[in-house]
Structures are given as C-alpha cells and as structure tokens.
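Novice: The structure follows.
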Amino acid sequence: MELIEHWIGGTSTSGSGDRRGPVYNPATGAQSADVVMASKQDVETAVRTAKEAFETWKDSSLTARQNIMFAFRNLIVEHKLDIARALTAEHGKTIDDALGEVQRGLEVIEFACNIAHLLKGDYSQQVSRGVDTYTVRQPRGVVAGITPFNFPAMVPMWMYPMAIACGNTFVLKPSEKDPSASLLAAELFQKAGLPDGVLNVLHGDKEAVDGLLEHPDIAAISFVGSTPIARYIYETGTRNGKVVQALGGAKNHMIVLPDADMDLAADAAVSAGYGSAGERCMAISVVVTVGDAADHLLPRVQERIDALKVAPGDEEGAEMGPLVTGMHRDKVASYIAAGEAAGATLVRDGRTADVPAEGFFLGPTLFDNVKRDMSIYTDEIFGPVLSVVRTESYEEAIQMINDNPYGNGTAVFTNDGGAARKFQEEIQVGMVGINVPIPVPLAFYSFGGWKHSNFGSHGIYGPEGIHFYTRQKVIISRWPDPIHRGVDLGFPQHG
Ligand code: NAD
C-alpha cells in the first residue's frame, strides 16, 4: 500500500507518529493509500522548520518573491492535468471539475504574483511641520492552514500563496481524506525556487490541528471547513493569542422569481446543486420559488436531472462523480430517508438511481414541498440533494434566507433589475449572485460568507488576505529642515 508522507523542510518524511489513515478511490470504493497522521512531535518539527525558514524568507526581496511566484504559476499551468487527476482519484470529482478547481487556485497564485504592488503602504507628508506619517505591512511569522476535503487543491491555494508572498512561512494541514494534491503543489513550489521550510505539509487529524492551535510559534491560522469545527478553531486559536480566520459551512438558497428565464434557472439549479456531487460550500441546496415559478421550473429541472451522467470522474462525459467516502454517502442517504419520512415530496430518489454499483455513488435527489422545520432544510447535507421550498411572495423568500444561520452564498433569478437590486441590498449573505448560481469572487476580490459561514473579521484571499497575513505598522517621523537648524550640509560631517 502506498504511504503518503509529510513534506517538511523540502523533503518527504513519515514523522514520528505511528498512526495511519486510509485514503480511498471513491469511484471504486477501494483503499488506495495510507496517509501518515502527525503526532505532537511532528507538529513541533514542522513549526520549528517554518520558524527557522522565516528568519531569512521575511527579508527576501519583493522581486525575488515575485519571480518564484511566477515560476510556480507556470509549473502549475504545466502540471494542471496531473493535479486534476490526483483530485479525481482521491476526491471523486470529474476531471473537468478538477481542472476548474486548479484554475480557481491558479488565479490566487496569479494575484499573489503582484505582491510588490499589493504590499505598498500609505504616506502622508507634513502631517505636522517636518513630520511625515507612513505605513508598512510586515509578515506575521509562521501561519497554519487547515483545509477541507472538498477542494483539496484550491482551498489551500486560497491561503499559502498569499501568506508566503507576504513574507510568512506556512504549515498546511490538508484534509486527511485527499492529501496528495497539496504534496504535488509543494514539490512544484520547491522546483520554482521556494526555499525549503517556507511551505510545509503536515498530514493528520485533530491531534495535529490541536498541536497547531496550541503552538506558541504559530502567529495566524486560516481554516476552511464545517461550522462546528470553524467555531472550535476560532475560539481555541484566539484564546491562544493567534489571529484566526475560520470559514464554515453553508446552506445556500437560490430564489427564482416568476419572471425569471426558467431555462437559465434550471441549468443553474442543476449545475450548482449536483456539480461535484453537491460537495461544495457554494453549492445550491435550496431552491426557493416565488408564486407559480415552481410549476415552470420543476419540469425543466427534472428533465436535466434525468440526462445527468453519473460515472467515475475520469470517465468520458461524466458529469457527476461519487461522494468522498462510504460513510458520507450513507449519511447523505439517511437525509433522503428523513426528508421522505417528514413528508416532503420525493421527486427524484438518488438511492434508486441508475449509478455504478461499485464506489461511493448516490444519484441526484430532488425534493419538492420542503418545509423549514425538516432536517433536509435545516442541516448542511453536503451531497447531491436539492430541496424546493415554495413561497407566496418575494418578502417571504427573503425572510427565509435572512433567518437562516448560514450566510455563505445566495442567488436570485429574475429579469427585473429593480427586484435584483432590492435583493442585493436586503439579503444578509456575504456573496450574492444575480442570475449567477455560484458567486465565487475572482482573486482580486475576497471570498467570505457571513454569520455562521465565517468566524473572524476577514475574508480569504484578495485584499483581505493581504491584510490577514500582514501586520500594519504606522511610522511617524520627524526630520526638521537642517537649514533651519543652521546645519552645514557639506559632507562628510564627521571624522
Ligand atoms: P471538516 O470541518 O470536517 O474538516 C476540515 C478540517 O478540519 C480538516 O482538515 C480536518 O482534518 C479538520 N478537523 C476535522 N475535525 C476536527 C476536529 N474535531 N478538531 C480539529 N480539526 C478537525 O470539513 P470537511 O468535511 O473536510 O469539509 C466540508 C465542510 O467544509 C463543509 O461544511 C463545507 O461547507 C465547508 N467548506 C466551507 C468553505 C467556505 O469557504 N466557507 C469552503 C469549502 C468547504
């Protein structure tokens, strides 16, 4: 069995811990590798290595950092397909989807290639006589990143290229379910010229995470994952004196008004509901129809579901792959049973769909007439299950979204610009799509939900990433005019 190891100080190591975790190929259900699980001692080694590397990396010139970032960018482009294949093999998503994931991560690397511009400070001349004020942004030190299984390449790339370009060093603890993509990227970064120890990849679970949360030499923590763990990371990390950004789970609603382009809305609901088997934090999970919109929308959605090809991610034409593990597939299936028992109308049942027999597959599921007290509405299912909630009015639909504890993404489908404008104004969600189902900002904006979808005050990547990974220093300097002081400026003045 292949053993997936840590990457510390620019080399692979199995560390000191003897625990291992299984990695599966979700399309076959077979275990493909073991991954090493870090002990507290391994956390210590990784953090010490990153701390030592910080001493020189923080003083590297902006030009040197940019050159490495550009070279890294080019290597990722060159090896895009290798990374995508690793994603499909361990996560299960289709190759097209995996390529899209790498592309979105690449955009953040490209943003970080501009670091010299992004780290410019402010300058105010003559705030008082002979006095100027200016700001510089300095790296924080060693930063830890803890990431989820669903975007094993992109989410880490939301973090480490930004942190490293800012002059920090990094310890990444990726998901133990699909650990290989991060290692591939770390090796490419080394090839691009990144000094050893600047980026370290430490595999593991709670033991590794707790070690990072408690370590006095970690200055900042970026987390992306489920809401209960995000809250835990935020509370524990801040209690230990770290700055923490912790992005959590989601329950994303898409409102369809009666005047919407129903074909566009149906395409959006199906791609955003079932793409990546619903394992996206920006997946649409609830379609909220207003008035008679459901009667026009639902037949179109069913037609598209019936045409979806559910197959192994590397199979030609596959549109939806398996779920990440057997346990997760069973959990999602249990929600379908709960929805049915609670009285929602089961329009398409993924449990009985025509899907490959091997592997962790579940077909696309559609519920109609879902009520707000049902668990299929209240819980983040994180699978290919779409719930339709029918409402009488626009106000009722907005209220439902604003009452929801999550606030990651949302979308409205309408042809009325005034209605769309009202929606963007009133909705209490961090990322809003207008006739766009998955409004993930490009790298030059920042990504971040509201409410229980984001703990901490920063979004991730983009300008907010720069702020998170640096500390601002403000300098007030007085240099009185030497002529006024009668100083002879003939040099040398000494010796
Ligand atoms: P998860 O919270 O189970 O795991 C995330 C990370 O935390 C992993 O590295 C894991 O090893 C670690 N972890 C898990 N349990 C822990 C514990 N008890 N103590 C300490 N560390 C622990 O999330 P997941 O299942 O890997 O990913 C899916 C979740 O991530 C969904 O809820 C999804 O919405 C969310 N997500 C959010 C965003 C966002 O941008 N807001 C993006 C992607 C995924």
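Novice: Could you list, in sequence order, the residues of region 261-283 that are open to solvent by less than 10 Å² (accessible area, probe 1.4 Å), in contact with a Leu (Cβ under 7 Å, 6 or more places away or on another chain) and of a type in the set (A, V, I, L, M, F, W, C)?
Specialist: 265, 266, 269, 277
Novice: Sticking with this structure for a sec: Looking only at strands (runs of 3 or more DSSP E) that lie completely in region 66-151, which have at least 3 residues being away from the ligand (no atom under 16 Å from the Cβ)?
Specialist: On the way: elements: 123-128, 131-139, 142-146.
Qualifying strands (runs of 3 or more DSSP E): 123-128, 131-139.
Novice: In region 210-243, how many are outside any helix (DSSP H, G or I) and either within 12 Å of the ligand (Cβ to nearest atom) or under 15 Å from the mean Cα position of the chain (by Cα) (or both)?
Specialist: We begin by selecting, within region 210-243, every residue outside any helix (DSSP H, G or I); these are 215-226, 240-243.
Those still in the list that are either within 12 Å of the ligand (Cβ to nearest atom) or under 15 Å from the mean Cα position of the chain (by Cα) (or both) too: 221-226.
Final tally of qualifying residues: 6.
Novice: Could you check region 106-124 and list, in sequence order, the residues that are within 24 Å of residue 134 (Cβ to Cβ) and of a type in the set (D, E, K, R)? Before the answer, list the steps.
Specialist: Taking region 106-124 as the starting set, the residues that turn out to be within 24 Å of residue 134 (Cβ to Cβ) are 112, 114-124.
If the condition is that a residue be within 24 Å of residue 134 (Cβ to Cβ) and of a type in the set (D, E, K, R), then 120, 122 are the ones that fit.
Novice: Scan region 198-205 and tell me whether some residue there is over 14 Å from the mean Cα position of the chain (by Cα), within 21 Å of residue 325 (Cα to Cα) and surrounded by fewer than 20 Cβ atoms within 10 Å (Cβ to Cβ).
Specialist: Initial filter on region 198-205 (over 14 Å from the mean Cα position of the chain (by Cα)): 198-205.
Of the ones still in play, those that are also within 21 Å of residue 325 (Cα to Cα) are 203-205.
Right, trim to surrounded by fewer than 20 Cβ atoms within 10 Å (Cβ to Cβ) and you get 205.
Yes, some residue in region 198-205 is over 14 Å from the mean Cα position of the chain (by Cα), within 21 Å of residue 325 (Cα to Cα) and surrounded by fewer than 20 Cβ atoms within 10 Å (Cβ to Cβ).
Novice: Would it be correct to say that residue 484 is more than 12 Å from residue 159 (Cα to Cα), part of a loop (DSSP other than H, G, I, E, B), within 13 Å of the ligand (Cβ to nearest atom) and not aliphatic (A, V, I, L, M)?
Specialist: Values: more than 12 Å from residue 159 (Cα to Cα): yes; part of a loop (DSSP other than H, G, I, E, B): yes; within 13 Å of the ligand (Cβ to nearest atom): no; not aliphatic (A, V, I, L, M): yes.
When the stated conditions are applied, residue 484 does not pass them.
Novice: Now for a different question. For region 178-194, give me each residue that is within 17 Å of residue 35 (Cα to Cα) and either without any contact (Cβ under 8 Å) to a residue 12 or more places away in the chain or part of a loop (DSSP other than H, G, I, E, B) (or both).
Specialist: Result: 178, 179.
Table: residues versus (1) open to solvent by 40 Å² or more (accessible area, probe 1.4 Å); (2) in a loop (DSSP other than H, G, I, E, B).
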position	(1), (2)
341	yes, no
351	yes, no
361	no, yes
401	no, no
420	no, no
424	yes, no
429	no, yes
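Novice: In the list 329, 304, which residue meets the criterion of being touching a Phe, Trp or Tyr at 6+ places or on another chain (Cβ under 6 Å) and open to solvent by 20 Å² or more (accessible area, probe 1.4 Å)?
Specialist: Details: 304 fails: touching a Phe, Trp or Tyr at 6+ places or on another chain (Cβ under 6 Å).
Testing whether each residue is touching a Phe, Trp or Tyr at 6+ places or on another chain (Cβ under 6 Å) and open to solvent by 20 Å² or more (accessible area, probe 1.4 Å) leaves just 329.
Novice: Please pick out the residue among 197, 204 that is in a loop (DSSP other than H, G, I, E, B), in contact with a strand residue (DSSP E or B) (Cβ under 9 Å, 6 or more places away or on another chain) and either within 18 Å of residue 52 (Cβ to Cβ) or outside the structural domain of residue 105 (by TED's automatic domain parsing) (or both). Break it down into steps so the answer makes sense when it comes.
Specialist: Details: 204 fails: either within 18 Å of residue 52 (Cβ to Cβ) or outside the structural domain of residue 105 (by TED's automatic domain parsing) (or both).
Residue meeting the stated conditions: 197.
Novice: Residues in region 405-418: is at least one closer than 16 Å to residue 286 by Cβ and surrounded by fewer than 21 Cβ atoms within 10 Å (Cβ to Cβ)? Let's see the steps before the verdict.
Specialist: Step one: of region 405-418, the residues closer than 16 Å to residue 286 by Cβ are 405-413.
Applying the additional criterion that residues be surrounded by fewer than 21 Cβ atoms within 10 Å (Cβ to Cβ) yields 405.
There is at least one residue in region 405-418 that is closer than 16 Å to residue 286 by Cβ and surrounded by fewer than 21 Cβ atoms within 10 Å (Cβ to Cβ).
Novice: Condition check: closer than 23 Å to residue 357 by Cβ, without any contact (Cβ under 8 Å) to a residue 12 or more places away in the chain and assigned by TED's automatic domain parsing to the domain that holds residue 371. Does residue 307 satisfy that?
Specialist: Working: closer than 23 Å to residue 357 by Cβ: yes; without any contact (Cβ under 8 Å) to a residue 12 or more places away in the chain: yes; assigned by TED's automatic domain parsing to the domain that holds residue 371: yes.
Answer is yes for this residue.
Residue-by-condition table, conditions (1) under 17 Å from residue 188 (Cα atoms); (2) buried (at least 18 other Cβ atoms within 10 Å of the Cβ); (3) modelled with pLDDT of 95 or more:
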position	(1), (2), (3)
66	yes, no, yes
76	yes, yes, yes
88	no, yes, yes
103	yes, no, yes
126	no, no, yes
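Novice: Please find, within region 178-208, the residue that is farthest from the ligand (Cβ to nearest atom) out of those that are at negative phi and among the small types (Gly, Ala, Ser).
Specialist: Taking region 178-208 first, the residues at negative phi are 178-192, 194-196, 198-203, 205-208.
Cutting the leftovers down to among the small types (Gly, Ala, Ser) gives us 180-182, 185-186, 192, 208.
On the way: 180: 14, 181: 13, 182: 11, 185: 16, 186: 16, 192: 25, 208: 8 Å.
Among residues in region 178-208 that are at negative phi and among the small types (Gly, Ala, Ser), the one farthest from the ligand (Cβ to nearest atom) is 192.
Novice: Also, quick follow-up: Restricting attention to region 155-177, which residues are more than 9 Å from the ligand (Cβ to nearest atom) and either over 25 Å from residue 243 (Cβ atoms) or without any contact (Cβ under 8 Å) to a residue 60 or more places away in the chain (or both)? I'd like the intermediate steps shown before the answer.
Specialist: Residues of region 155-177 that are more than 9 Å from the ligand (Cβ to nearest atom), as a first pass: 156-157, 159-172.
The answer is 156, 157, 160, 172.
Novice: Which residue is nearest to residue 259 (Cα to Cα), if the candidates are limited to region 450-467 and must be within 12 Å of the ligand (Cβ to nearest atom) and open to solvent by 10 Å² or more (accessible area, probe 1.4 Å)? Spell out how you get there, then give the answer.
Specialist: Of all residues in region 450-467, those within 12 Å of the ligand (Cβ to nearest atom) come to 450-456, 459-461.
Pick out the ones that are also open to solvent by 10 Å² or more (accessible area, probe 1.4 Å) and you get 450-452, 454-456.
Working: 450: 28, 451: 30, 452: 32, 454: 33, 455: 36, 456: 38 Å.
Per the criteria, the residue is 450.
Novice: Okay, next question. Tell me whether region 147-167 contains one or more residues that are more than 20 Å from residue 457 (Cβ to Cβ), over 15 Å from the mean Cα position of the chain (by Cα), in the same structural domain as residue 54 (by TED's automatic domain parsing) and surrounded by fewer than 22 Cβ atoms within 10 Å (Cβ to Cβ).
Specialist: No: zero hits.
The values are calculated or read from the model by the stated rules, or taken from the named source; none is laboratory data. Since we're looking at a predicted model, the values are computed, not measured. No Cβ is skipped: glycine too gets one built from the backbone with ideal geometry, and neighbour counts run over all protein chains shown. Accessible surface areas use protein heavy atoms only, side chains included; no ligands, DNA or RNA. Shrake-Rupley method; radii C 1.70, N 1.55, O 1.52, S 1.80 Å.
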